[in-house]
Amino acid sequence: MAAPMEVAVCTDSAAQLWSCIVWELHSGANLLTYRGGQAGPRGLALLNGEYLLAAQLGKNYISAWELQRKDQLQQKIMCPGPVTCLTTSPNGLYVLAGIAESIYLWEVSTGNLLVILSRHYQDVSCLRFTGDSSHFLSGGKDCLVLVWSLCSVLQVDPSRTPAPRHVWSRHTLPITDLHCGFGGPLARVATSSLDQTVKLWEVSSGELLLSVLFDVAIVAVTMDLAEHHLFCGGSDGSIFQVDLCTWPGQREKTFQPEQDSGKAFRGHRNQVTCLSVSTDGSVLLSGSHDETVRLWDVQSKQCIRTVTLKGPVTNASIMLAPLSMLSSDFRPGLPLPHFNKHLLGAEHGDEPHRGGFTLRLGLHQQGSEPSHLERAEQLHAVMSGTMEKSVLGGQDQLRIRVAELEDEVRNLRKVNRDLFDFSTRIITRPAKRCTSGRKEVPAHPRSQQHGP
C-alpha cells in the first residue's frame, strides 16, 4: 500500500490567478487550484475530507469548494459580519468562525447556528480544536486565550452565558497564533503574541508550562508531531527553533540569537505569517508577507524550495491529502446544508431550507454507541443516585427523619410558648398600694411581721 501523500495548501491576499493552490510537498508539482475569492489569515479549513472552506478577506461570507470541483464554487456561507478566523472540528461535525469579538458555532449536518460566544473584548484572531474535538481554543486582540469545553457550551442553559474552562491572561499584547498538540483534553497548546513571547500551556490543568522571550514580535507558532521542537515565526522574517526537551523544570527562558545561532531559519525578507511541520518532522513550511512560501530542512536549516505567489501569504499548511483530493471522480457523500445566520433560524430572518431533508454527518463514526451528551447524562444520574443513598439513606429514612425533626420543632415551640407566658405573668404582676395613696415598697416577709 502506498504511503499517504503530503501536500502543501497555500493562499495569498492577492488571489489574481486562484484563491488557493495545492502542491505536492516533496516534488513541488501543482495538483489543484481553487478559484473564487481571497482567503484571509487563519481562514482556511478542510471539512470532513470533502470540502475546502475559506473565510474571505474583509467580507461577510465563507467560500466552500468540493475538493474535486475546484473551478466551481459550491456555496457561499453568509455570515453576520467579516470573518476574522475559521476552523472545523476534526470529526467534521462543527464549523467555528470568529466574527468581530464573537465566536459562532454551526452544526454541519443541519446548518443550525448552535451558539454565539461573546467573551472576548476585541476581535478574535485565531481558533483551534483539540484533536478529539472535545475542546476548542480562541485567541484575540484583547491578549486573552480562552479554552472552551464543547460539551459544556452545547449543554448550557440558553438563559445563561457559557463560561470558558480556562482563561489564559499572561500575554500583554494581542494573540497572533495558536497551535494545539495531540492528546485531546491532555494536549499542550502553544500561543504566540506581539509581546515577543511564546507560551506553552496544558489544557487539562490550565497550567503555564513554559514561557520563551524573543527580541522580536512572534506572529506564527507550531510544533512537530512528537512535540520535541517549537517553531516560532518572527516579525523580522526569522524563524526560531526552541527545543522543548532541553529545559527540564525551567519555566522562563530567553532565546538569545547570538548563542542559539544554529536554531534559526533565515531567508524571508518580511514577517512570517504561518508555519507548518511535516508528519515526520523533517520539513518545515513557512509563508511570509514577502510573497513567498519556503520549504526548509529542519536538520540543516537550509531552504530546499521557494514558491513565489502574487501577494502576501495568508495561509500555508501541510496536510495528508484525503482520498477525495486525489480521486478525480470522487463526490461528497452528503451535500452542505444552508447555514443559518441567526440562532433561531427563520424566526430571525433566515429563509427555511425547503424541498430537502436533514442529513447528519458523522453517523458512520457514531454507530450504535451513545453520544457524549447521553453518556454525561447517564453518569450524572448514577452519581446523583449514589450520593442520595449514601448521604440521606434513601427515601424511607428521609421521611422518618423529617417526621422526627417536625416533632422536635413542635416541642421546642411549646417550650418557647410556655416560657413566654411565664415571663409575661411575672413582669406584668401589679404592685400593692397603701390606703393613703402613697406607694408602698414591698418589704421582706420578716419585717412585715413586726409592723412599721
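Along the charge dipole of region 6-325, which of 63, 282, 124 sits closest to the positive end, that is, farthest toward it, with unit charges on the beta carbon of Lys, Arg, Asp and Glu (+1, +1, -1, -1)?
Sorting the options by dipole projection puts first 63.
Roughly how many nanometres apart are two label points built 7 Å out from the Cα toward the Cβ at residue 132 and residue 165?
0.9 nm
For region 190-242, which GluC sites (Glu not before Pro) are both in a DSSP coil and crowded by at most 14 other Cβ atoms within 10 Å?
Of the GluC sites (Glu not before Pro), the ones in loops of region 190-242 whose Cβ has at most 14 other Cβ atoms within 10 Å are 207.
Rounded, prolate or oblate: which fits region 83-224 when a ≥ b ≥ c are the square roots of the eigenvalues of the alpha-carbon gyration tensor, with rounded for a/c under 1.5 and prolate only if a/b beats b/c?
Taking the square roots of the gyration eigenvalues as a ≥ b ≥ c, region 83-224 is prolate.
Within region 92-187, list the trypsin sites (Lys or Arg not before Pro) lying in a DSSP loop whose Cβ has at most 16 other Cβ atoms in a 10 Å radius.
160, 165, 170
Name the chymotrypsin sites (Phe, Trp or Tyr not before Pro) in region 146-215 that are in a loop by DSSP and that have at most 14 other C-beta atoms within 10 Å, would you? Working shown, then result.
Details: sites: 148, 168, 182, 201, 214; in loops: 182, 214.
Loop-located and lightly packed - 182.
Expected output is a single nm value to one decimal: the length gained when fully extending between residue 208 and residue 427, i.e. 0.36 nm times separation in residues minus the C-alpha distance. What is it?
71.8 nm
Specify whether the C-alpha gyration tensor of region 41-136 places it in the rounded, prolate or oblate class, a ≥ b ≥ c being the square roots of the eigenvalues: rounded for a/c under 1.5, otherwise prolate if a/b is larger than b/c and oblate if not. Before the final figure, lay out the partial values.
Values: a/c = 1.74, a/b = 1.25, b/c = 1.39.
Because a/c hits 1.5 or more and a/b fails to exceed b/c, region 41-136 counts as oblate.
Could you report the accessible area of residue 116 in Å², rounded to 10, computed with a 1.4 Å probe on the protein chains as they sit in the structure?
Near enough 50 Å² of accessible area.
Using the Cα gyration tensor of region 6-325, with a ≥ b ≥ c the square roots of its eigenvalues, what is the shape: rounded (a/c below 1.5), prolate (a/b larger than b/c) or oblate (neither)? Don't skip to the answer; put the middle values down first.
Working: a/c = 1.66, a/b = 1.08, b/c = 1.54.
Because a/c hits 1.5 or more and a/b fails to exceed b/c, region 6-325 counts as oblate.
Taking the Cα centre of region 6-325 as the origin, how large is its charge dipole in debye, to the nearest 20, when only Lys and Arg (+1) and Asp and Glu (-1) carry charge on their Cβ atoms?
Rounded to the nearest 20 debye, it is 460 debye.
Which of the residue pairs 199/263; 141/199; 59/141; 59/310 have a Cα-Cα distance greater than 23 Å in the structure shown?
Pairs exceeding the cut-off: none.
The values are calculated or read from the model by the stated rules, or taken from the named source; none is laboratory data. Keep in mind it's a predicted model, so treat the numbers as computed, not measured. Every residue, glycine among them, receives a Cβ derived from its backbone with ideal geometry; neighbour counts consider all protein chains shown. SASA here: full protein model, heavy atoms, side chains in, ligands and nucleic acids out. Shrake-Rupley method; radii C 1.70, N 1.55, O 1.52, S 1.80 Å.
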